[in-house]
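Notes follow once the structure below has been shown.
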Amino acid sequence: MEIEITQPKDNLKNTMIVKAVMQGEALPPFATEVMNKGAFEGKTGQLFSTVHNSNRYIFYGLGEQKEFELDTIRRFAGTAVNYGTGMKNEKVYAELPIVKGYTSNEIAQALTEGAILASYKCIKFKSKQDDYFEVKTTIIQTKENIAEGVKKGSVLGKSQNFVRDFNENPANIATPQKLAELAKELAKQNKLGITVFEKEDLKKMKMNAILAVNQGSVLPPVLVILEYNKDKKELPLYAVVGKGITFDSGGISIKPAKGMQEMKYDKTGAVTTMGIVKAVSELQLPIRLLGVFAATENMPSGTAQRPGDIITAYSGKTIEVLNTDAEGRLILADALAYTAEKKPEAIIDLATLTGAMIIALGHYRIGLFSNNDKVSKALFDAGEKTFERVWRMPLDKEYIEMNKADFADIKNIGSEMGEAGSITAAAFLHEFIGDVPWAHLDIAGVDNIQEKHPYLSAKGATGIGVRLVTEALERMSKK
Ligand code: BES
Ligand code: ZN
Ligand code: ZN
């Protein structure tokens, strides 16, 4: 999907034109004349369509001004593109809505994001590609200068689609090595520094928590470090860290069969980390950024780690592994301890860490855990703007106490019953970041969706986290 900008034209023929209207705003006479009275009032998400002068017009309700939120624009764009797809239109014309309190660039950015996100559908594994139609271009009609908003929206939308597309690969395709290859490709394209630590390196470095999780798999693990603006030492350093479990079977503490296929998405944190580095580098944010991820499968086998095993993590702390399915916190323990050594201004980690997160917040908000109010605020505000919303969860010392072990320093589950499961998981990570400002995003509830959405496809990986963290980094870099 490409986005073009043109001056408003009234001589269009045989095309699709979409227009968003506030509640109470008048439609052109050609529309009101053919409409049943009251059929369209401009309520949020309401649609009205008619043909005029050979053009298909679609009107989309933005609702009341006082309830307006930017995401309605993404939904508008997504709905328009979905309509265009259904009617097999190669091009969709959209009039840039003017909304009080928002700049044209903000509106254009949201419109661009919605259009680009709605244009993605995972068809790469279908043998008959011709059965699928894609809208090629969205043309925004406006007199305003919106080049900057469109550029930003394109980078963010495409970076998010990059995450969705790779995440969709199942575990027989997206192996840890493939993740490393993707990172190498990204480094080459975006001129980034890259280091790939292979299994032998991890052994030498005593990254025993990553190695313990990997023990049951025939595929070797990797720890990857991407570096943006590596040599610009004058710029502040930030880090994003991701969980890259290419398949989470649970290991010896094996998961039930039902729904296990969704554990291909357990690499989302790692892939999102790459998406964030891609976006930040293409937007040329004035920061240095480390993108760090550990990748491995979590498999049961004769060589797999067992419940009760005790390991010494990279940081020197000893861990009693009471449940091999709590593997994300193990690989993150080493990745975070390594990243914290670099003393960044802040570390943000992303992980599909706990099923308990879905119990707590469902699918609409990301769990945020942090030792720092400024980082939390940047993420909260970025969440409201990008509609990748977060909610801060507690990290009191009582939760940290819950991870104390009988035979080692800490255990990898807080309680047998799973009480406060996502909090004790975050408290476990907290043991490995020292005093570096840090935020953990538990994205288990948002990494994929199973129901209809106006700009994300009906089923599959969402790429949520890219726009959120990029926006938060931009906010932090300005302060
Ligand atoms: N990858 C899972 C968490 C998860 C579950 C993500 C469902 C998305 C959907 C994680 O590794 C895990 O298995 N966590 C366990 C922890 C428990 C054993 C303490 C969980 O949540 O059940
Ligand atoms: Zn697990
Ligand atoms: Zn997992």
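Each reported figure results from applying straightforward, stated rules to the coordinates on display, with no laboratory input. Not measured: the values here are computed from a predicted model. Reconstructed Cβ throughout: ideal geometry from the backbone, glycine too, with neighbour counts over all protein chains shown.
Dipole of the chain (Lys/Arg Cβ +1, Asp/Glu Cβ -1, origin at the Cα centre): which of Pro344, Gly355, Gly61 lies farthest to the positive side?
Projecting each Cα onto the dipole axis, the largest value belongs to Gly61.
Quick one: angle between helix 328-340 and the longest Cα principal axis of the chain, in degrees between 0 and 90, rounded to 10, please.
90
With θ set to phi - 60°, apply the Karplus curve 6.51 cos²θ - 1.76 cosθ + 1.60 along the stretch 26-43 and write out the HN-Hα couplings as whole Hz, x wherever there is a Gly or Pro.
Rounded to whole hertz, the list is 6, 8, x, x, 4, 8, 5, 4, 9, 8, 5, 3, x, 5, 9, 10, x, 5.
Suppose a student asked you for the relative contact order of the chain, using Cα pairs under 8 Å spaced at least 6 residues apart; what percent would you report?
15
Let me know the shape class of the stretch 421-479, please: from the alpha-carbon gyration tensor, a ≥ b ≥ c as square roots of the eigenvalues, rounded when a/c is under 1.5, otherwise prolate if a/b is greater than b/c, or oblate.
It comes out oblate by the Cα gyration axes.
Of Gly316, Val280, Asn371, which is farthest on the positive side of the dipole of the chain, counting Cα position, with +1 on Lys and Arg Cβ, -1 on Asp and Glu Cβ, and the Cα centre as origin?
Val280
Is there a quick way to get the dipole size of the chain? I mean about its Cα centre, with the Cβ of Lys and Arg at +1 and of Asp and Glu at -1; what is the value in debye to the nearest 20?
In total the dipole reaches around 1060 debye.
Compute the angle between helix 373-386 and the longest alpha-carbon principal axis of the chain, please, reported from 0 to 90 degrees and rounded to the nearest 10.
Taking the Cα atoms of the chain, the angle to 373-386 is about 30 degrees.
Using the Karplus curve 6.51 cos²θ - 1.76 cosθ + 1.60 with θ = phi - 60°, what ³J(HN,Hα) values do you get for each residue of the stretch 273-279, in whole Hz, with x for Gly and Pro?
Rounded to whole hertz, the list is 4, 5, x, 5, 4, 4, 5.
Take the alpha carbon gyration tensor of the stretch 342-479, find the square roots of its eigenvalues, order them as a ≥ b ≥ c, and report rounded if a/c is under 1.5; if not, report prolate when a/b exceeds b/c, else oblate.
Taking the square roots of the gyration eigenvalues as a ≥ b ≥ c, the stretch 342-479 is oblate.
Lys and Arg at +1, Asp and Glu at -1: add these up for the other residues within a Cβ distance under 15 Å of Thr312 and post the number.
0
Among the listed pairs Lys152/Lys191; Lys13/Lys158; Lys100/Lys143; Lys243/Lys342; Lys317/Lys411, which are separated by more than 21 Å between their Cα atoms?
Result: Lys13/Lys158 exceed 21 Å.
How big is the chain on each of its three principal axes, counting only the C-alpha atoms and giving the largest first in Å?
Principal axes ranked by extent give 79, 48, 42 Å for the Cα atoms.
For the stretch 376-479, what is the charge dipole size about the Cα centre, in debye to the nearest 20, if Lys and Arg each add +1 at the Cβ and Asp and Glu each add -1 at the Cβ?
The calculation lands at about 620 debye.
Calculated FRET efficiency, Ser54 and Lys230, Cβ-Cβ r, R0 45 Å, to nearest 0.05?
Efficiency computed from Cβ-Cβ geometry: 0.25.
Using amide H atoms built in the peptide plane, which far-off residues or other-chain residues are under 5 Å from His52 H to H?
The answer is Tyr57.
So which trypsin sites (Lys or Arg not before Pro) in the stretch 1-51 end up in coil per DSSP with only 15 or fewer other C-beta atoms within 10 Å?
Answer in residue order: Lys9, Lys13, Lys37, Lys43.
Show me, for the stretch 462-472, the HN-Hα J-couplings you get by feeding each phi into the Karplus relation (A = 6.51, B = -1.76, C = 1.60, θ = phi - 60°), rounded to Hz, glycine and proline as x.
These are the phi-based 3J(HN,Hα) values: 9, x, 5, x, 5, 5, 4, 6, 4, 4, 5 Hz.
Mind listing the long-range amide H neighbours of Val241? Cut-off is under 5 Å, sequence gap 5 or more, other chains count too, H placed in the peptide plane at 1.01 Å from N.
Correct list: Val292, Ile348, Asp349, Leu350.
What is the set of long-range amide H partners of Ala94 at a cut-off below 5 Å, with H atoms built 1.01 Å from backbone N?
Val18, Ile139, Ile140, Gln141
Only helical DSSP H runs with n ≥ 4 go in: add -39500 (n - 2.57) per run for the chain, normalise by residue count and round the 222 nm mean residue ellipticity to 500 deg cm²/dmol.
-10500 deg cm²/dmol
Among 297-303, 122-128, 156-162, 247-253, what's the highest-first ranking by average C-beta atoms within 10 angstrom per residue?
156-162, 247-253, 297-303, 122-128
Could you work out how far helix 176-190 tilts from the main Cα principal axis of the chain, as a 0 to 90 degree angle to the nearest 10?
For 176-190 against the chain, the angle is about 50 degrees.
From the residues Phe432, Gln305, Ala187, which one has its Cα farthest along the dipole of the chain in the positive direction, the dipole being from +1 and -1 charges on Cβ of Lys/Arg and Asp/Glu about the Cα centre?
Ala187
Given Cα pairs under 8 Å that are at least 6 residues apart, what percent is the relative contact order of the stretch 341-479?
About 38 percent, as a whole number.
Determine the dipole magnitude for the stretch 208-268: charges of +1 sit on the beta-carbon of Lys and Arg, -1 on that of Asp and Glu, nothing else is charged, the reference point is the Cα centre, and the result goes in debye to the nearest 20.
100
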